[in-house]
Every structure is written in structure tokens, then in C-alpha cells.
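Working notes for the structure below.
The values are calculated or read from the model by the stated rules, or taken from the named source; none is laboratory data. Please read all numbers here as calculations on a predicted model, not as lab measurements. Please note: Cβ atoms are built from the backbone with ideal geometry, for glycine as well, and neighbour counts cover all protein chains shown. Only protein heavy atoms, including side chains, enter the accessible area calculation; ligands, DNA and RNA are left aside. Shrake-Rupley method; radii C 1.70, N 1.55, O 1.52, S 1.80 Å.
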Amino acid sequence: MLEVRQLYKSFGSEGVLRGIDFKVDKGEVVAVLGPSGSGKTTLLRCISFLERAQQGEIIFDEMRHDMSHISKRMIRQFRMQMGFVFQTFNLFRNMTALQNVMEGLIAARKIPRQKAEEIAREMLKKVGMEDRAGYYPDQLSGGQQQRVAIARAMATNPKVILFDEPTSALDPELTGEVLDVMKKLAEEGTTMVVVTHEMGFAKEVADRVVFMEDGLIVEEAPAEEFFRNPKKERTIQFLRRVLTGADADTGA
């Protein structure tokens, strides 16, 4: 469904992505793990063309293109099929929750306002935020803001949703409400790529786990296999560090 091949991205002389081959199938949930600075967020930003790759090919359904030589028109076509949830919410502070979800439908999709409002209210209901439709971001908790952001990403009915550390800006007690929404999306067959540090989510919800370090994919495997029997020494070290107690059984 979505695939990138030989993806390279540098910032100045620093190579951040060094020949990444990555794919996600329809209905699949892929968790991307790795230490800070491994290139996880840059991977998502290149896939969504928020950053321009120096080299690489992207294949998305029937669309195939060189990522380093792509027109604004083609970028728009790719983005129309994707949703993106940022770690810092990126809501418009001067708009209500309802208006935040409606805005992209009206401005980018040219959907009539009445229809856009119907869709937005439906999406807010789906994430348990229908009773906060008239609230502004500053009146909402971090978890509530992120749920609005997820509703906004869902509103355009994208073929894939990219999540960049969706709980990293939240207090621990607010993390669960966001993860619950994401679990429901996964159960409904939503295609998702999730950069996360939540090991429990990756173990329970992801179909496949990709572990990155230094701009490379070190290891990838079905989630159960990844946590139970990692193959690479670097993966084993990472899991030992981030998991505790019984969860630390990596088969090594």
C-alpha cells in the first residue's frame, strides 16, 4: 500500500536517513521504535513531504514517484491520502475543537460547511470529544487536545495515518485516553504508522515493529516475535533498557 525505497535524508553534512526501505500494508499497524536521534520522526516527515528527501522512491497505491524530484501538485495528491498526528497537537489556538476538525475539510477539500460540520461532529464523537466541540484548545487537557488532533486526521478519511510520538507531550495519566482511541482505530482496520516510546502499545496493538538507529533499520519483525525473540544484539540492548520486570524477557 505504502512503500519507500532507498530513502536518504541529510541536514547539512549530517546523514539522518541512510538508505531506508520501509513499507506498510493496508490495515496494518506498524510501530517504529528507536532511541532519540535515530531518524524516526524524519522518516514520517519525509513520507508526508514535510521534509524533502535527497533521494528515494515512494509508492502509494497507484502512485509512484521520485521523492527528490516531485511537483507541488503531486505532493498535494500524496498528502490528500494521508493523515498526520503531531506530538505537540498543532491545533489552531483561536479555533474551537469543532472548527479545528472542520478547517481542513473546508480549506483543502472544498467541502461545504454544513457537510464539513457533520463530518467533524462525527469524528469528535468517535474520539469521545463531542461534548467539547465548542471548547478552545486552551480549555482542554493535553489528552483532549490530542484526541481532537486525531479526529482532525481522521476527518479526511485518509488511507494511512502517521503518528509522531502522539503521547510524548502528555502526562502519564493522560496517555491512556489517547492510546485507547488509537487501539480502537487499529481494531477498525485503520492503516497506521506509529513512532512511539510506548512499548505496551507496540506489543499489544502493532502488527509489526521496526527498530531504527543511526538512520538505519536495524531490525523488523512481527510484534510478538520482535519482543519475544529479537535477533540483533543492538535490539536486545534497547529492549533490556526500556523494559522492566517480566516484560524484559527478550529471549536472550
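Touching an Asp or Glu at 6+ places or on another chain (Cβ under 7 Å), surrounded by fewer than 22 Cβ atoms within 10 Å (Cβ to Cβ) and either farther than 30 Å from residue 2 by Cα or at pLDDT 95 or above (or both): does that describe residue 132?
no
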All positions within the range 159-179 that are open to solvent by 20 Å² or more (accessible area, probe 1.4 Å) and either part of a strand (DSSP E or B) or of a type in the set (Asp, Glu) (or both)
165, 171, 173, 177
Determine, yes or no, whether residue 89 is farther than 30 Å from residue 200 by Cβ, under 14 Å from the mean Cα position of the chain (by Cα) and open to solvent by less than 50 Å² (accessible area, probe 1.4 Å).
no
Selection count, the range 102-139, where residues are under 18 Å from residue 188 (Cβ atoms) and among the aliphatic types (A, V, I, L, M):
5
Going through (1) open to solvent by 50 Å² or more (accessible area, probe 1.4 Å); (2) within 14 Å of residue 91 (Cα to Cα); (3) part of a helix (DSSP H, G or I) one by one, residue 148 fails only at (1)
Here are some residues: 64, 18. Which one is in a strand (DSSP E or B), without any contact (Cβ under 8 Å) to a residue 12 or more places away in the chain, more than 27 Å from residue 140 (Cβ to Cβ) and not aliphatic (A, V, I, L, M)?
64
Out of curiosity, is residue 84 in contact with a Ser or Thr (Cβ under 9 Å, 6 or more places away or on another chain), surrounded by 14 or more Cβ atoms within 10 Å (Cβ to Cβ) and within 18 Å of residue 161 (Cβ to Cβ)?
yes
All positions within the range 28-53 that are open to solvent by 30 Å² or more (accessible area, probe 1.4 Å) and not charged (D, E, K, R):
36, 37, 41, 50
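To keep it simple, each residue is scored yes or no on (1) closer than 21 Å to residue 226 by Cβ; (2) open to solvent by less than 10 Å² (accessible area, probe 1.4 Å); (3) hydrophobic (A, V, I, L, M, F, W, C).
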| site | (1), (2), (3) |
| --- | --- |
| 11 | no, no, yes |
| 23 | yes, no, no |
| 55 | no, no, no |
| 62 | no, no, no |
| 65 | no, no, no |
| 68 | no, no, no |
| 72 | no, no, no |
| 75 | no, no, yes |
| 78 | no, yes, yes |
